[in-house]
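Take a look at the structure set out below.
The values are calculated or read from the model by the stated rules, or taken from the named source; none is laboratory data. Owing to the predicted nature of the structure, the values given are computational and were not obtained by experimental measurement. In this analysis, Cβ positions are derived from the backbone assuming ideal geometry, glycine residues included, and neighbour counts consider all displayed protein chains.
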Amino acid sequence: MDESALIHAAQNGDLDSFNTLILHYQDAVFHTALRILGDEDPAEDAAQEAFISAFRSLSTFRGGSFKAWLMRTVTNACYDELRRQKRRPTTPLEPETQDGDEMDSPRWLADPNMTPAERSEADELEHAVQHCLDALPTDFRTVVVLADIQGMDYSEVASAARVPLGTIKSRLARARLRLRECLRGFEELLPSSFRLEEERNS
């Protein structure tokens, strides 16, 4: 994918080029929103709002990391959603069925190749990780999602979050410490390969 050419074409009104960019980044955008918000429906709304906003403001993109620019858009959409949630009754973080019952196995985690036992373990691990993410302040949660889940480097995270690089490093260090402390309570669920990358991008 020639990203620069697609961006240039999209800036000149080529909707197909913009849609190609969206298809490339839609999973990353949605999963970022899902980790920040902790619930599928508002994450879908935030992702959709992010893409609409990106389309409207694409002319303002002046180069650099397009992913960081796009992640800034979805981060802003998530913050807007969190502010809206504070103004209305809280809803459960776990997804519900059509009957209003909590789902034991969220559909975005479904893997047809998993055995029932593996599915159960994956569900428990997912709930543990999201529980610990939800316990973080929003600013901490956001940088962890961008750096440790989306794999963005520090400069990209700083651009997406619109804060200085030093602030990103400080927030990540503190957020990772809190996550480690929280996840110790779920140590039996963690795979042996699970490690937070302490020194990446330092």
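Yes/no per residue for (1) more than 19 Å from H31 (Cβ to Cβ); (2) among the hydrophobic types (A, V, I, L, M, F, W, C); (3) modelled with pLDDT under 70; (4) surrounded by 15 or more Cβ atoms within 10 Å (Cβ to Cβ):
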residue: C78; (1), (2), (3), (4): no, yes, no, yes
residue: T115; (1), (2), (3), (4): yes, no, no, no
residue: R141; (1), (2), (3), (4): no, no, no, yes
residue: A161; (1), (2), (3), (4): no, yes, no, yes
residue: L172; (1), (2), (3), (4): no, yes, no, yes
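One line per residue, one yes/no per condition, for (1) closer than 13 Å to I36 by Cβ; (2) of a type in the set (A, V, I, L, M):
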site: A128; (1), (2): no, yes
site: C132; (1), (2): no, no
site: R141; (1), (2): yes, no
site: V144; (1), (2): yes, yes
site: M152; (1), (2): no, yes
site: A158; (1), (2): no, yes
site: A161; (1), (2): yes, yes
site: L165; (1), (2): no, yes
site: S170; (1), (2): no, no
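Filter segment 49-68 down to residues that are under 14 Å from the mean Cα position of the chain (by Cα) and either of a type in the set (G, A, S) or at pLDDT 95 or above (or both) and give me whichever is farthest from S17 (Cα to Cα).
First, pick out the residues of segment 49-68 that are under 14 Å from the mean Cα position of the chain (by Cα): 50, 67-68.
If we keep only those that are either of a type in the set (G, A, S) or at pLDDT 95 or above (or both) too, we end up with 50, 68.
Working: A50: 17, A68: 19 Å.
Ranking the candidates gives A68 first.
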